[in-house]
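Quick note: the coordinates plus some simple rules give every number you see, no bench work behind them. Bear in mind the structure is a predicted one, so any value in this text is a computation, not a measurement. With ideal geometry, Cβ positions are generated from the backbone for all residues, glycine too; neighbour counts draw on all protein chains shown.
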């Protein structure tokens, strides 16, 4: 075994199997009696580029029925909420140097079988098997932290008219946390950080993102602190008791902070990240660090906002009503005047027509006398 530094954290008790969506495909009574367990949940290694280390994981069938378990490795990736996804190596060009799962070699027992190009083991009730593995870091690997998982995935096989099919029923894994020794970059930031600038009530909407720009995983405790106009602390709230942002990844937080005894005025919302910063002097040497980012906002208590609406809104409503009444009266007056004007014009038109008729009669008489 090559020289290396490793630390294995033993899981106390039986590790439970995370059931997948194929529950409906496997009889409930059978799944209830199948339990696969590992003697370790995490293996931590520290290796220089080009170095290697050998370790082992013991897997046991603690249930009442025989089981089959696929054996494979996956890389760990994370989304903005810090939720992991597991990606199996594909052998694509350029993948190897950033795929610690590809650096793992599993030494499966002699009784190991193969299905769909993936090795699997069979365990009788109460049986335990040791799986040896070796981590070999490429000589040109970049220093920093890497995460991979050795998975044991239970499955069933069934014969059908078209052949044999397999159905997944659950899996469990041992995480391999690797530190590649070299130049360490320990850099964490909060960006962006936004707060609603004008708040009515006692809940302040916020959002911020913790960005790990370094090459090592960082554990931290995020807190929200409210300061008044005199920069005196009014309240403090822990967002998450123990969080981790992995190397070159980020975590996003969105929510609303309920204020205590909020009064009218200007306040400051501060994000504080408490973490241990590695100095780089010697491996494991850290100093306590606090990262702070501030945003200001104004608070209007809800009762005051309602009172302001009543004080300002009611007169506006009354003036609007008066204006509408006067406008209606003016429209009615205009309609009356318009009707009278139409009547006057019709009367003048009738009078003019009568005069024209009389004038025509006189002219006819004069013509006949001549």
Rounded, prolate or oblate (a/c below 1.5 giving rounded, otherwise prolate when a/b exceeds b/c) for the range 130-286 by Cα gyration tensor: oblate
Cα principal axis extents for the range 28-137, largest first, Å: 44, 35, 28
Contour excess over end-to-end distance, with Cα ends at residue 316 and residue 332 and 0.36 nm allotted per residue: 3.4 nm
Mean Cβ neighbour count within 10 Å, used as a protection proxy, ranking 196-209, 143-156, 65-78 highest first: 143-156, 65-78, 196-209
Cα-projected label distance for residue 238 with residue 309, points at 7 Å along beta-carbon direction, nm: 3.8
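Give me the extension gain from residue 347 to residue 116: residue separation times 0.36 nm, minus the current Cα-Cα distance, reported in nm with one decimal.
Using 0.36 nm per residue and subtracting the Cα-Cα distance, I get 72.7 nm.
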Förster radius 56 Å - calculated FRET efficiency between residue 266 and residue 58, Cβ distance, rounded to 0.05: 0.40
Computed lengthening from residue 83 to residue 130, 0.36 nm per intervening residue step minus Cα-Cα distance: 14.0 nm
The range 302-343: C-alpha gyration tensor shape, a/c 1.5 cut-off, then a/b vs b/c: prolate
FRET efficiency for residue 230 and residue 323, using Cβ-Cβ distance with R0 set to 35 Å, rounded to 0.05: 0.15
Normalised convex hull volume, the range 102-152, alpha-carbon set, Å³ per residue: 113
Among 172-183, 241-252, 331-342, the order from most to least packed when residues are scored by Cβ within 10 Å on average: 172-183, 241-252, 331-342
